[in-house]
1. Yes or no: residue 34 farther than 29 Å from residue 91 by Cβ, without any contact (Cβ under 8 Å) to a residue 24 or more places away in the chain, surrounded by 12 or more Cβ atoms within 10 Å (Cβ to Cβ) and not charged (D, E, K, R)?
2. Could you grab the pairs with beta carbons closer than 6 Å, sequence gap of 6+ or different chains, first residue in the range 1-18 and more than 13 Å from residue 30 (Cα to Cα), second one open to solvent by 50 Å² or more (accessible area, probe 1.4 Å) and of a type in the set (Ser, Thr, Tyr)?
3. Go through 83, 61 for me and flag whichever is within 14 Å of the chain's Cα centre (by Cα), open to solvent by less than 70 Å² (accessible area, probe 1.4 Å), within 25 Å of residue 4 (Cα to Cα) and not basic (Lys, Arg).
4. Suppose we keep only residues that are over 19 Å from the mean Cα position of the chain (by Cα) and closer than 17 Å to residue 67 by Cβ within the range 12-24. Which one would you say is surrounded by the fewest Cβ atoms within 10 Å (Cβ to Cβ)?
Amino acid sequence: MFTIGQLSVATGVPTSTIRFWERRDLLRPATRSGGQRRYTEEALSQVGMLRLCQDAGFTLAEIQELVTKQQADRFRWRELVDAKMVTINESLRKLNKARDLLAHALECEYEDITRCPKFRMAVDLRSGPVPPVPTASARP
């Protein structure tokens with residue numbers, strides 16, 4: 001059994017975060033002994049799962065939905081993961097485009113980047129309407 005402080009040290013997660021996750025029902029509440037929270041080995045795994053989900057880009061609300069859907073139907077969580085993949089792929093597309101534009105700016109032969117035809121074309125493209133964000137159902 002771990003105290004909240006020991007769980008914090010073992011996982012690298014502040015005690016305030018552990019308490020917050022408990023209040024949000026993301027982490028099973030600890031048993032109490034002598035007025036102190038006591039956590040089992042399972043809590044280490046739960047904290048690891050929460051951190052992994054956050055690393056994957058899930059918000060706490062999405063993690064709560066994942067937990068709820070997995071308990072209701074162990075395959076429904078895939079819908080949430082698929083939707084997150086769409087969001088991440090769109091973010092990657094935008095980041096790659098930004099990287100390419102910045103790389104061009106550094107290598108461009110024009111001293112004044114605003115005179116570069118490639119840069120001007122990029123500006124002109126951004127002057128038009130904003131394209132819609134693809135949905136999970138629109139994926140190939």
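The values are calculated or read from the model by the stated rules, or taken from the named source; none is laboratory data. These numbers were taken from a predicted model, which means no experiment stands behind them. Cβ coordinates were reconstructed from backbone atoms using ideal geometry, including for glycine residues, and neighbour counts include every protein chain displayed. To get the accessible areas, we keep the full protein, side chains included, count just its heavy atoms, and leave off ligands, DNA and RNA. Shrake-Rupley method; radii C 1.70, N 1.55, O 1.52, S 1.80 Å.
1. Numbers: farther than 29 Å from residue 91 by Cβ: yes; without any contact (Cβ under 8 Å) to a residue 24 or more places away in the chain: yes; surrounded by 12 or more Cβ atoms within 10 Å (Cβ to Cβ): no; not charged (D, E, K, R): yes.
Criteria not met by residue 34.
2. Filtered contacts from the range 1-18: no entries.
3. Details: 83 fails: within 25 Å of residue 4 (Cα to Cα).
Just one listed residue meets the conditions, 61.
4. The selected residue is 23.
A quick yes/no check of all residues on (1) under 26 Å from residue 53 (Cα atoms); (2) touching a residue at least 12 places away in the same chain (Cβ under 8 Å):
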residue	(1), (2)
74	yes, no
79	yes, yes
90	yes, yes
93	yes, no
96	yes, no
104	no, yes
112	no, no
115	no, no
119	no, yes
